[in-house]
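Worksheet: one structure, shown below.
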Amino acid sequence: MHTTSGEGLPGGTERAVWPRVLACVVLAVVGFASMWLSAAWEGGREGPQDLRFVVRILNAHQVSLERQDLARAQSLLGGPLRLAAALVSLCAGWVLARRLRGPGPGRCALAAGLALAVFAAIDPGLWVFLMERQPANALHYQDGRHQTFCLGAALFALAVVLEPPRRRAARRLAAQAATPAPPRRNPTRQLVAAGLVTAAVAQLLHTVVLDGLPLTNDGAAYRFQAHLFAGGRAALPWSPLHSFFEARQIWPGSAEVPRVFAKYPPGHALALAAGEWFGFARLFVLLGAASLPALVYALGRALNLPRPLLAAWLTALSPALLAVFATELAFGTSVPLAFAFLAAGAAAIARSKEHRPAIGFALLAGVALGCVGLTRPGTAFALGLAFAAASVTAGPRTLVRVLAPTVAAALPFAVVLLLFQRATTGDPWLDGYRLYARALSPDDTWGLANAPRALGTTAFNLSRLSTWLFGIGLGLVPVVLGVGSARGWGRVLLVGAPLALLAFYSLLTFHGVPWAGPVYLLESFGTLALAGAAGFDRLAAVLGPYLLRLVFVTSLIAVAFVLGWQFHAATDAVAQKHAPQLAAQREGIEEGIVFVHLPTAADRRRVPLPPPLGGERLVFALDLGERNAELRRALGNPSAWSFDPATGTFTRLP
């Protein structure tokens, strides 16, 4: 008689276990070893013609292959290699769809979605996009993509290999059967723990890695705006002396608009200013970060999705969210507000469908949407469209009981935004972003992207999303698998929120920063985490409950890897951007004027010098040569130094 397998099912012998163990070991070794082999296009100082192909082994050895004919390299990556990646993706999607769904049109749709998810992770056309748009930052934008893809592939392969031997019929039944709901437990402790992890890791990255300094020009502008608001002002009066203070994303003033202000809406800076009033500028940003897991859990319960607690933890550990909460970017305010809007709106629709009072949740959703509009108006518009579509799907009763009060509660915030725009630009219908783009940065205007560029930006964002969502390089696969867990209006909201953001921001020529993933999709990460948790639950029904533990451990490793990869590069960016301030601290210079030598436009873009607000003991200004005497006289002839960032040296001025 043959020995039965560990599950007591006939058809397997103990000897049959050894190939699985051997395959498991091989996959683990290959997967983790591949994490230390990377390849990327790297741009030089001379521009795209100086592009090189760099191979790194164990982060130490480099082999550089010069590529003179970039057109040939682009045609290879965007042609035959991309076609091969598409065929591999189609095969992988079809195999997985056959495993998880019976015959019918549903299987074809699932296979197409899975193929798209796999293709987003392996698309070689990403390098064509980088060579055309960001050759000098290709190493930053690759996000450790190759390594995390290997880790994600190893995760799914291990799940298949480690599946206990069982009959094919039993496997098919498990794939088709509904996953039994886990026993209800009080999630409060885990939600509090997840929130504390999010806030603690974000603050640790901010203080230890970034030295508490803005990572980007946007962050410096938000900090300047927050200081203005904390002092009770919306803008500074313009004067000719403001030519000494040049900082990207800050309107420098002109004869037509004689005020100096950050170009952004006021929401995020108001949150930072409120924190300054309490003695800690990031107070409300961290409180919002700590609330994220609970908000995602509430949204999952309202949509009646499986594993909302797993989704809360996936949100808490998402490398993109952890990274953005460590910066000064507006997403630190807009993301929790967007989650609050979606959770309250979904609860209102669910209560309305059950003929229960929904007005309170609808008004709360409107207030949250209005606050999102004060922070990121485009995001509020896109998410509002998704919510409106879900309300229409839920039925005409929902339009009156939910959508109407939500819109009514959001309208006062739109009026506040118009008043703020009148106080800054002088025109309530002209926002600072469009004013700045029209005069100083035309490429930042929304809607300029043509169809090919919009498609390229969309593919790039999907590719980055595949890594930055959960850390693993195949992050969109469980999302596609979990979309079917929602029904009716819930599915419209679950899918509509990320699709609306993806479509809206595809028309913006700028595609985000390298250190925080696809930032323009962050406000929908809660819905993606819920779909991903449902997808992992669906896989666990086929491959065994051990998969969820494997996912959690693997995500922890991958998140640490992605954040370590990117924030190592971020420290160099911070050191360059704040070189004058950091050098002055080292030299013990605490009072006077430091004239910073920034001879080129690229240097001035890299090092922001915001205008002083009054009361600063040490002022940093642009070195304008003979005109420096004007600023010294205006400030009372204090001590002055000249600083050259290229050499890192100070020169005392007479």
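Every number here is computed from the coordinates shown, using simple stated rules; none is lab data. Given the structure is predicted, the values throughout are model-derived calculations rather than measurements. When we count neighbours, we look across all protein chains shown, and the Cβ atoms used for this are built from the backbone with ideal geometry, even at glycine.
Based on Cα contacts under 8 Å between residues 6+ apart, the range 236-346 shows a relative contact order of 22 percent. Geometric descriptor of the range 349-468, per residue, is 147 Å³ (volume of the convex hull of the Cα atoms). Our analysis of the range 489-528 gives Rg over Rh at 1.02, with the two radii drawn from alpha carbon positions and Rh computed by the Kirkwood formula. The simple spin-label model puts a point 7 Å past each Cα toward its Cβ; for W429 and F510 those points are separated by 2.5 nm. Each label was represented as a point 7 Å from its Cα along the Cα-to-Cβ direction; for A454 and R98 these points are 3.8 nm apart. Just so you know, the averaged projected area of the alpha carbon convex hull for the range 579-652 sits at 4.8 nm². Mean projection of the Cα convex hull over all viewing directions, computed for the range 485-587: 9.7 nm².
With the Kirkwood sum run over all distinct C-alpha pairs, the range 188-244 has a hydrodynamic radius of 14.3 Å.
According to the calculation over all Cα-Cα pairs in the range 497-654, the P(r) per 10 Å bin from zero is 8, 24, 21, 17, 15, 10, 4, 1 %.
Multiplying each eigenvalue of the alpha-carbon gyration tensor of the range 330-399 by 5 and taking the square root yields semi-axes of 22, 12, 8 Å, largest first, rounded to whole angstroms. Taking the centroid of alpha carbons for each part, the range 274-323 and the range 600-654 are 41 Å apart.
Residue separation of V392 and R549 scaled by 0.36 nm, minus their Cα-Cα distance, works out to 52.7 nm of gained length.
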